[in-house]
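A.B. asks: Please see the structure below; I have some questions.
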Amino acid sequence: MYILGIETSCDETAASIIQVNSSGKLTVLTNIISSQIEIHKKYGGVIPEVAAREHVLNILPVINESLAKAKIDYKKIDLIAVTKGPGLITSLITGLETAKTLAYAWKKPLIGINHIEGHIYSNFINPSKPIKFPALVLTVSGGHTILVLMLGHNKYKIIGETLDDAAGEAYDKGAKMLGLGYPGGPIISKLAIEYKNSGQSSTLKLPRPMLNVNNFNFSFSGLKTSLLYKLKKDNNWPNRINEYCFAYEEAIIEILVKKTLKAATKYKIKTIMLAGGVSANKELREEFKLKLSKKYHFLVPALDHTTDNAVMIATAGYYRYKNKGVKNRSNLKVDSNLKLQ
């Protein structure tokens, strides 16, 4: 079975071809991504109108490149999977309308995929060990911080989510306050590691919002505000940037790890998975490995499957097609606030 995946929820135009054999083994034939990071850097964040225009320019070339590098004709495609939400509505429209047009012209079944579900299924792209249910997935990115209880394929329950900023957004805004540029996560992480490896001991104390409340929700706005006030009071902060990055990242990671492990205990979880762009963070991965006992299977996606990509959409499309079938493609619509279900 050959599946074409299409992803345009934010500022990456992505297309992928995967092959699934009769035993369910998945092979990634192509993973093509046209990134807009360099375009949006000067604005300090993604501009929706600019992103949408770039998607229109890139969508067909990216799909054509994906087919060409996979060395297959469109006639061999058995299924098209496309992101239908959540995300930037103008970006989503480009991907979905392109997919609907191709499905009609090629006479292929089409399935709409939730972007969060795609991130979850990035862990099912040739996992290093069997995934046992119930599983707990921490999906953490620039737009989302969600704890999902996964009882089986396509069976989800959201047990915790951010009440304000996502963790990735907190990284970006923290980096902006420190004058470090966009995107903020990789920059803060790099400088935090440099400080950690220097052997110095930080005197900075930043809060861990909602860490001890009796639920699994997150909040990062208070952490951002605390960083802002500390910078205003510290005239020497430009000479302590690495230390500030270390303290800020340490607070974010502690919140994510402790909330996840607390939920894992309550729900008697067998597998813990990370997903989303922030799951590429080296310290976050290492902290989870350090804190996990042998009773949990722990999985993280390959680095090139952590950020937005179409392999995860194609993979999620395969499992949803296998378990749920395909509805009428003409009824598919984008939903910028689509809920996971």
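The values are calculated or read from the model by the stated rules, or taken from the named source; none is laboratory data. Here the structure is a predicted model, which means the values were calculated and not measured. Glycine gets a Cβ as well: all are built from the backbone with ideal geometry, and neighbour counts include every protein chain shown. These area figures cover heavy atoms from the full protein model, side chains too; ligands, DNA and RNA do not enter into them. Shrake-Rupley method; radii C 1.70, N 1.55, O 1.52, S 1.80 Å.
A.B. asks: Before we move on, is residue 57 at pLDDT 95 or above, hydrophobic (A, V, I, L, M, F, W, C), within 25 Å of residue 320 (Cα to Cα) and assigned to a helix (DSSP H, G or I)?
C.D. replies: For residue 57, the condition - at pLDDT 95 or above, hydrophobic (A, V, I, L, M, F, W, C), within 25 Å of residue 320 (Cα to Cα) and assigned to a helix (DSSP H, G or I) - is not met.
A.B. asks: Could we say that residue 100 is in a helix (DSSP H, G or I) and among the basic types (Lys, Arg) here?
C.D. replies: Taking the combined requirement at face value, the residue satisfies it.
A.B. asks: Given (1) out of contact with any Cys (no Cβ under 9 Å at 6 or more places or on another chain); (2) on the phi < 0 side of the Ramachandran plot, identify the lone condition not met by residue 308.
C.D. replies: (1)
A.B. asks: Oh, and also: Name the one entry in 84, 69, 100 that is open to solvent by 70 Å² or more (accessible area, probe 1.4 Å), of a type in the set (Lys, Arg) and in contact with a strand residue (DSSP E or B) (Cβ under 7 Å, 6 or more places away or on another chain).
C.D. replies: When all the criteria are applied, what remains is 69.
A.B. asks: Sticking with this structure for a sec: Contact list please: Cβ distance under 7 Å, first residue in segment 255-267 and modelled with pLDDT of 95 or more, second residue in a helix (DSSP H, G or I) and buried (at least 20 other Cβ atoms within 10 Å of the Cβ), pairs at least six apart or on different chains.
C.D. replies: From segment 255-267, the pairs are 256/167; 256/284; 257/288.
A.B. asks: In this structure, is residue 189 open to solvent by 10 Å² or more (accessible area, probe 1.4 Å), within 28 Å of residue 296 (Cβ to Cβ) and in contact (Cβ under 8 Å) with a residue 60 or more places away in the chain?
C.D. replies: Here the answer is yes, as residue 189 does meet what is asked.
A.B. asks: Follow-up question, since we're still on this one. Go through segment 285-327 and give me each residue that's more than 21 Å from residue 272 (Cα to Cα), of a type outside the set (A, V, I, L, M) and within 13 Å of the chain's Cα centre (by Cα).
C.D. replies: 309
A.B. asks: Among the numbered criteria (1) in contact with a Ser or Thr (Cβ under 7 Å, 6 or more places away or on another chain); (2) more than 21 Å from residue 312 (Cα to Cα), which one does residue 51 miss?
C.D. replies: Every condition holds for residue 51 apart from (2).
A.B. asks: Need a quick list: helices (runs of 4 or more DSSP H) entirely within segment 206-320 having at least 1 residues that are open to solvent by 40 Å² or more (accessible area, probe 1.4 Å), touching a helix residue (DSSP H, G or I) at 6+ places or on another chain (Cβ under 7 Å) and of a type outside the set (D, E, K, R).
C.D. replies: 221-233, 241-266
A.B. asks: Look at residue 111 and say whether it is surrounded by fewer than 22 Cβ atoms within 10 Å (Cβ to Cβ) and outside any loop (DSSP other than H, G, I, E, B).
C.D. replies: no
A.B. asks: Which one is farthest from residue 66 (Cα to Cα) among residues in segment 26-39 that are of a type in the set (A, V, I, L, M, F, W, C) and surrounded by fewer than 18 Cβ atoms within 10 Å (Cβ to Cβ)?
C.D. replies: If we take residues in segment 26-39 being of a type in the set (A, V, I, L, M, F, W, C) and surrounded by fewer than 18 Cβ atoms within 10 Å (Cβ to Cβ), then 39 is farthest from residue 66 (Cα to Cα).
A.B. asks: If a residue must be within 20 Å of residue 169 (Cα to Cα), β-branched (Val, Ile, Thr) and surrounded by fewer than 18 Cβ atoms within 10 Å (Cβ to Cβ), how many such residues does segment 40-66 contain?
C.D. replies: The total comes to 2.
A.B. asks: If you take the residues in segment 1-25 that are open to solvent by 10 Å² or more (accessible area, probe 1.4 Å), assigned to a strand (DSSP E or B) and of a type outside the set (Phe, Trp, Tyr), which one is farthest from residue 67 (Cα to Cα)?
C.D. replies: By that ranking, first place goes to 12.
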